[in-house]
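What follows is a short report on a single structure.
Values in this text are rule-based calculations from the coordinates and carry no lab data. Quick caveat, the model's predicted, so the values are computed rather than measured. Don't worry about glycine lacking a Cβ; one is built from the backbone with ideal geometry, like all the others, and counts go over all protein chains shown.
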Amino acid sequence: MNADSVLRLLEQIRDGTLTPEAAAKRLATLPYEDLGFAKVDHHRALRTGMPEVIYAAGKTDEQVVSIFGRMAASGADVLATRVAPSAATAVLAAHPAARHHPVARTVSLRQQETPITAGNIAVLCAGTSDLPVAEEAAATAEFLGHDVSRITDVGVAGLHRLLAHHARLLEAKVLIVCAGMEGALPSVVAGLVSAPVIAVPTSVGYGAAFGGVAALLGMLNSCSPHIGVVNIDNGFGAACLADAILRTRSTA
């Protein structure tokens with residue numbers, strides 16, 4: 001439930017197309033619905049402007065399907081991240097209209113009209129091995145109603161590949177840059193643009209990459225001042241931050 005759905009509910013009561021009793025029934029799950037193993041936060045979009053998202057890793061297929069179903073029944077748009085193939089199959093069997101993005105490991109269901117937010121988000125990845133994280137960011141940003149420009153395999157080992165996309169970089173209002181190894185790409189990108197850059201270290205690299213820690217530390221020590229860094233492999237968090245930047249800009 002978000003601000004628009006609450007307003008529609010109040011308008012229906014005002015117009016006499018919905019009884020107060022029926023409205024009370026719809027509001028009964030606020031602020032959350034207790035499933036025993038999970039408490040579904042139907043109220044989150046109303047508080048924060050963004051609905052609760054299902055983090056499917058560590059959950060059984062049945063739990064993912066149950067949470068997804070309860071959120072869908074409320075009329076909300078639903079997104080699940082880090083979805084195992086078996087869980088994705090189970091969700092799609094219950095919700096044929098849902099969309100599975102296997103590279104991003106997401107399953108989403110669109111039920112509401114979501115206007116495209118002003119401003120393009122560019123999602124870059126240094127190498128093809130970074131694609132799962134970059135696609136998680138891109139799929140999440142699209143779910144949140146943003147126009148996304150994907151720029152892949154433009155790591156610093158071949159800077160000419162990145163510079164070939166300079167015009168597209170300048171069009172973006174926020175840039176999400178995913179890189180493993182030494183994590184240098186966000187610093188290079190930030191030196192070419194004036195828009196905020198969200199750096200995402202990935203767990204890609206040989207032994208001394210320490211599962212993304214080397215990239216994380218490199219990004220935290222960037223000489224470019226307009227870089228923010230999220231956690232290792234956190235494409236979802238990067239997209240949420242980009243969404244918040246663009247939403248607050250549009251309402252300023």
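Observations
- Rg in Å to one decimal, and Dmax rounded to a whole Å, for the chain via C-alpha atoms: 19.8, 66
- Viscosity 1.002 mPa s, temperature 20 °C, Stokes-Einstein D of the stretch 121-167 from Kirkwood C-alpha radius, µm²/s: 195
- Amide H contacts of Ile176 (H built 1.01 Å from N, under 5 Å, at least 5 apart or other chain): Ala122, Val123, Leu124, Ile198
- For the stretch 108-252, the spread of Cα coordinates along the three principal axes comes to 46, 30, 25 Å, biggest extent given first.
- Of all beta bridges that DSSP places with both ends in the chain, some 25 percent have antiparallel geometry.
- The Rg/Rh ratio of the stretch 180-252, with Rg taken over Cα atoms and Rh as the Kirkwood radius over Cα pairs, comes to 1.02.
- Rel. contact order, % - alpha carbon contacts under 8 angstrom, at least six apart, the chain: 13
- Among Phe143, Phe37, the ranking by other beta carbons within 10 Å of each residue's beta carbon, starting with the fewest, stands as Phe37, Phe143.
- Fewest-first sequence of Thr81, Thr60 by Cβ atoms within 10 Å of each Cβ: Thr60, Thr81
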